[in-house]
Amino acid sequence: MKTHSILTALTVSILVPALSPAQNNVPKPKAEDYQFTTVKENPVTSIKNQYRSGTCWCFSALSFLESEVIKGKSLKDTTLYPDFSEMFIVRNAYYDRAVKYVRLNGKLNMAAGSDFGDVLDVVRSYGLMSQQAYTGMNYGYELPVQAELDAVLKGYVDAVVKNPNRKLTPVWPKGFSGILDAYLGEVPETFSDGGKTYTATGYRDAMGINPDDYVNITSYTHHPFYSTFAIEVEDNWRWTPAYNLPLDEFMTIIDNAIDNGYTVLWGGDVSEPGFTRDGLAILVDTEAKPTSGSDQERWVGKVEDRPVEAAKTKLKELEVSQESRQVMFDEKTSTDDHGMHLYGTAKDQDGTRYYLIKNSWGATGHYKGVWYMSENFVKAKTLNFVVNKNAIPKDIRKKLGLK
């Protein structure tokens with residue numbers, strides 16, 4: 001099997017239970033108690049808002065690819081930064097999943113959540129479009145509101161899977177595409193950008209994006225290190241594998257990427273109480289599950305849902321080891337929640353290291369759409385990440401057989 005283009009990422013779009021009274025009494029970190037100094041910050045495009053859709057996997061992945069274009073083309077003028085269409089990717093990903101769902105007689109997760117490998121496979125097969133060329137907002141909203149669409153698509157493919165004629169017609173995929181056209185709009189065959197006309201695949205190539213340049217990394221002990229495996233979460237519906245590395249090399253790749261001007265596509269658990277609406281991700285020693293609503297409310301809750309006063313000082317964090325990380329995964333206290341874009345490093349007033357994380361919940365929180373994620377949080381709660389293969393140190397690339 002060729003493994004040089006593997007990437008999985010992982011966001012689930014299930015509803016989770018509200019905080020228990022005991023969990024609500026856990027002190028939460030407060031942004032005002034932390035003073036951050038940026039150490040390294042690589043270029044990213046503007047903050048977007050996935051709003052009421054489970055499409056963080058797409059928003060974060062395209063943000064990552066936009067930064068790849070900025071670096072690859074050495075763009076200094078922010079007006080030249082690309083703005084890729086999320087819904088072009090979502091539309092094609094939904095179609096591909098429907099085909100596989102029917103082939104597997106419904107024995108596949110058919111929901112809004114997906115993985116980074118999904119995005120790269122769509123880019124490989126269908127290309128890219130600019131946001132201006134295809135907004136995917138054909139149903140009367142300014143921001144994505146997709147619960148109805150998701151329900152309609154699921155109902156349609158479930159009806160097909162029942163196969164009432166005992167023989168599937170060749171037109172059911174056309175009907176599925178018709179639903180997507182109605183909600184998201186028909187995809188144009190060509191579009192203009194910067195005074196030039198492109199097809200979607202031509203635009204991808206003009207942007208310098210090669211999906212085979214990207215590598216997915218994880219770190220768990222239930223599979224051998226330096227091998228590959230498909231991370232066992234339901235949103236990894238394409239079954240794309242990841243390289244499995246020891247935790248120290250896992251973290252080394254992230255730091256090497258940032259230090260050399262690359263960014264990192266991050267997938268992991270945000271159900272911790274230390275992941276706050278204020279823009280902090282601190283590894284506090286308690287499990288908590290927030291309420292549901294918008295995607296942001298699903299993971300950090302509404303203000304009225306989290307009434308406990310925040311800590312008046314920095315909270316002590318858990319220490320992380322390879323073993324503790326594995327226990328969290330096995331016990332499902334580290335879960336497949338959310339995808340974001342890691343693009344820099346910082347330190348707080350005590351010298352503790354953090355990573356700069358671009359979220360897709362709009363300009364929200366204390367840092368207007370940016371989260372400060374502690375090094376311990378990254379070690380413990382990262383399910384997987386994706387990087388350009390050139391961001392991996394040469395000695396680790398050699399161990400993985402990457403050229």
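The values are calculated or read from the model by the stated rules, or taken from the named source; none is laboratory data. This is a predicted model, so every value here is computed, not measured. Neighbour counts are summed over all protein chains in view; Cβ atoms, including those assigned to glycine, are modelled from backbone coordinates with ideal geometry.
Observations on the structure shown:
- Of all residues in the stretch 140-168 being part of a loop (DSSP other than H, G, I, E, B) and in contact with a Gly (Cβ under 9 Å, 6 or more places away or on another chain), the one that is farthest from Phe191 (Cα to Cα): Gln146
- Selected residue (only one of Gly202, Gly136 is in contact (Cβ under 8 Å) with a residue 40 or more places away in the chain, small (Gly, Ala, Ser) and outside any helix (DSSP H, G or I)): Gly136
- Qualifying residue in the stretch 382-403 (condition: charged (D, E, K, R) and buried (at least 19 other Cβ atoms within 10 Å of the Cβ)): no
- Of all residues in the stretch 375-396, at least one satisfies being aromatic (Phe, Trp, Tyr) and within 20 Å of Leu315 (Cα to Cα).
- Enumeration of residues in the stretch 172-189 that are touching a residue at least 40 places away in the same chain (Cβ under 8 Å) and either of a type in the set (S, T, N, Q) or outside any helix (DSSP H, G or I) (or both): Ser177, Gly185, Val187, Pro188
- Subset of the stretch 227-244 that is assigned to a loop (DSSP other than H, G, I, E, B) and among the hydrophobic types (A, V, I, L, M, F, W, C) - its residue that is surrounded by the most Cβ atoms within 10 Å (Cβ to Cβ): Ile231
- Residue satisfying all of: in the stretch 245-304; in a loop (DSSP other than H, G, I, E, B), surrounded by 20 or more Cβ atoms within 10 Å (Cβ to Cβ) and out of contact with any helix residue (DSSP H, G or I) (no Cβ under 8 Å at 6 or more places or on another chain); modelled with the highest pLDDT among these: Val284
- Taken together, the residues in the stretch 62-85 that are part of a helix (DSSP H, G or I) and touching a Leu at 6+ places or on another chain (Cβ under 6 Å) amount to 1.
- Given (1) at pLDDT 80 or above; (2) touching a strand residue (DSSP E or B) at 6+ places or on another chain (Cβ under 6 Å), number of the condition Tyr226 does not satisfy: (2)
- For the stretch 327-344, a tally of residues being more than 13 Å from Glu232 (Cα to Cα) and touching a residue at least 24 places away in the same chain (Cβ under 8 Å) returns 10.
- Hits in the stretch 356-374 - residues which are touching a Ser or Thr at 6+ places or on another chain (Cβ under 7 Å) and closer than 12 Å to Ile282 by Cβ: Ser374
- Matching residues in the stretch 29-58 - criterion: being hydrophobic (A, V, I, L, M, F, W, C) and outside any loop (DSSP other than H, G, I, E, B): Ala31, Val39, Cys56, Trp57, Cys58
- Residue in the stretch 90-102 that is crowded, with 24+ Cβ neighbours inside 10 Å, within 14 Å of the chain's Cα centre (by Cα) and either assigned to a helix (DSSP H, G or I) or touching a residue at least 60 places away in the same chain (Cβ under 8 Å) (or both) present: yes
- Of all residues in the stretch 116-138 being within 15 Å of Asp83 (Cα to Cα) and hydrophobic (A, V, I, L, M, F, W, C), the one that is surrounded by the fewest Cβ atoms within 10 Å (Cβ to Cβ): Ala133
For (1) small (Gly, Ala, Ser); (2) touching a Gly at 6+ places or on another chain (Cβ under 9 Å), each residue gets a yes or a no:
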| site | (1), (2) |
| --- | --- |
| Ser324 | yes, no |
| Asp337 | no, yes |
| Tyr343 | no, no |
| Gly351 | yes, no |
| Ser360 | yes, yes |
| Ala363 | yes, yes |
| Tyr367 | no, yes |
| Tyr372 | no, yes |
| Phe377 | no, yes |
